[in-house]
Structures are given as structure tokens and as C-alpha cells.
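The values are calculated or read from the model by the stated rules, or taken from the named source; none is laboratory data. As the structure is a computational prediction, the values presented were derived from the model and not from experiment. Ideal geometry is used to build each Cβ from the backbone, glycine not excepted, and the neighbour counts take in all protein chains shown.
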Amino acid sequence: DQQVKQNSPSLSVQEGRISILNCDYTNSMFDYFLWYKKYPAEGPTFLISISSIKDKNEDGRFTVFLNKSAKHLSLHIVPSQPGDSAVYFCAAMANFGNEKLTFGTGTRLTIIP
Amino acid sequence: NAGVMQNPRHLVRRRGQEARLRCSPMKGHSHVYWYRQLPEEGLKFMVYLQKENIIDESGMPKERFSAEFPKEGPSILRIQQVVRGDSAAYFCASSPYGRQGTDTQYFGPGTRLTVL
């Protein structure tokens with residue numbers, strides 16, 4: 001039962017262009033969403049988050065959009081840089097009183113120089 | 001300002017042995033979470049602990065796995081009588097307050113367990 005889905009296992013984008021990574025969720029109790037970036041043999045690094053009371057959050061080159069009615073969020077990276085090549089995980093948290101994160105399966109982003 | 005520390009980074013065990021994985025949270029953080037990542041999969045929640053208390057162990061296998069976070073010292077994830085299916089990357093994360101719905105978890109580098 002995959003409650004957080006990243007349907008694109010991989011994505012290739014030209015350097016300088018926009019990268020758009022997508023994430024869908026099924027659990028309507030999720031109300032806080034995070035994006036993590038992961039390099040091989042390292043732990044996930046927090047990138048950006050968004051609460052369900054917002055529909056957009058921006059931090060430098062990274063913007064996350066949340067569409068609650070569609071249960072969909074996306075991460076935009078612009079402009080894309082070679083160092084952005086990594087696996088990106090979407091994660092969600094529900095306001096049940098516990099703090100566990102439910103992760104998607106990840107999207108491998110490759111930036112082409 | 002050190003991040004989340006995990007050791008060892010790599011651990012090799014033979015079937016039937018015990019594995020102990022350690023996690024020191026970031027300074028000032030009193031909430032610790034353990035996740036497991038199997039090859040080609042996302043991270044799966046295992047257990048959430050505060051100092052001396054297990055808050056949520058819903059993701060922990062019922063047998064052979066245990067976790068603790070003592071008043072002093074690191075959090076320990078213990079796997080008894082390891083089997084080949086336990087081979088995975090185990091990540092620890094910590095957060096400062098455990099506030100509902102707004103807290104960010106910061107991850108350590110992981111321990112890669114290989115069971116021969």
C-alpha cells in the first residue's frame with residue numbers, strides 16, 4: 001500500500017532548464033510534506049517543505065507546489081545545475097500525534113551539462 | 001555544529017549474529033527515528049523514540065528487532081539473529097521538538113548492513 005507515489009523513476013534535464021519532480025499521495029490525513037535529496041552512500045538531505053495550509057513555498061532555486069484537491073505536489077528546480085543530479089524523495093507526515101514520515105520511492109534526476 | 005552521527009557506516013554480519021547500530025542525534029534534538037531502505041526502494045519508517053521512551057514502533061518487525069534511546073548515550077537499533085533479508089541501509093533521523101505536522105527530520109549518513 002504505497003501512500004506516497006513518485007511515478008517517474010528517472011528524469012533527465014538539460015543544465016539551466018527547469019526540473020519538475022512530481023509526487024502523489026492517497027492519505028488525506030497527510031498535512032505536511034517534505035522533499036529530500038539523496039546522493040549514493042549518504043543520508044537524505046532536507047531541501048524544502050510545505051504545510052497543507054499553503055499552496056506554494058519557495059527557497060532559492062527550489063519551489064514546492066501543493067494541490068490538495070488533487071493530492072499532488074511538485075518540486076521545481078530552476079535553473080538546474082549539475083550538482084542537482086541525485087535521487088529526490090517526497091515524504092509526507094500526518095497530524096496523528098506521531099511524527100513518522102512516509103516516503104515515496106524516489107526519482108533519479110540527471111542534469112545533462 | 002555536528003549533524004546526526006551514525007556508526008558504524010558499514011557492518012558485515014553472518015547469519016545468526018547480532019547487529020548493533022548506533023545513532024547520536026543532533027545537539028539539542030531529543031526525538032530519534034529509525035528508517036530502513038531496501039535496495040531500489042524508498043525509506044520505510046521503523047520506530048520513533050524520545051529519551052527513554054518508545055513513542056511509535058509500528059514499523060518495527062515483531063521479532064528480532066529492538067530499539068532504545070537511553071537517558072545518556074546514543075540510540076541503539078539492535079537486530080538479533082540476522083538473516084539475509086535484513087541487508088539494507090538503516091538511517092537515523094532526529095528532530096528538535098516533535099511538533100505535530102511542522103517538524104523537520106534531519107538524517108544521518110546511514111549504516112549499511114550486509115548479512116552473509
Does at least one position in the stretch B:84-99 carry a residue that is hydrophobic (A, V, I, L, M, F, W, C) and in a loop (DSSP other than H, G, I, E, B)?
no
Within the stretch A:37-54, how many residues turn out to be touching a residue at least 12 places away in the same chain (Cβ under 8 Å) and within 14 Å of the chain's Cα centre (by Cα)?
9
Counting only residues that are exposed (fewer than 12 other Cβ atoms within 10 Å of the Cβ) and modelled with pLDDT under 95, give me the strands (runs of 3 or more DSSP E) lying completely in the stretch B:34-74 with at least 1 of them.
B:53-56
Given the criterion crowded, with 21+ Cβ neighbours inside 10 Å, under 17 Å from B:Leu43 (Cβ atoms) and within 14 Å of another protein chain (Cβ to nearest Cβ), identify the matching residue among A:Val64, A:Val4.
A:Val4
Among residues of the stretch A:7-32 being at pLDDT below 95 and over 19 Å from B:Glu41 (Cα atoms), the residue surrounded by the fewest Cβ atoms within 10 Å (Cβ to Cβ) is A:Ser28
Within the stretch B:86-110, residues being modelled with pLDDT of 95 or more and more than 10 Å from every other protein chain (Cβ to nearest Cβ) number 4
State all residues of the stretch A:49-67 that are modelled with pLDDT under 95 and either closer than 20 Å to A:Gly104 by Cα or among the small types (Gly, Ala, Ser) (or both); if no residue qualifies, say none.
A:Ser49, A:Ile50, A:Ser51, A:Ser52
Output for the stretch A:24-53, where each listed residue is at the interface with another protein chain (Cβ under 7 Å from one of its Cβ atoms) and either of a type outside the set (D, E, K, R) or assigned to a strand (DSSP E or B) (or both):
A:Asp31, A:Tyr32, A:Leu34, A:Gly43, A:Pro44, A:Phe46, A:Ser49, A:Ser51
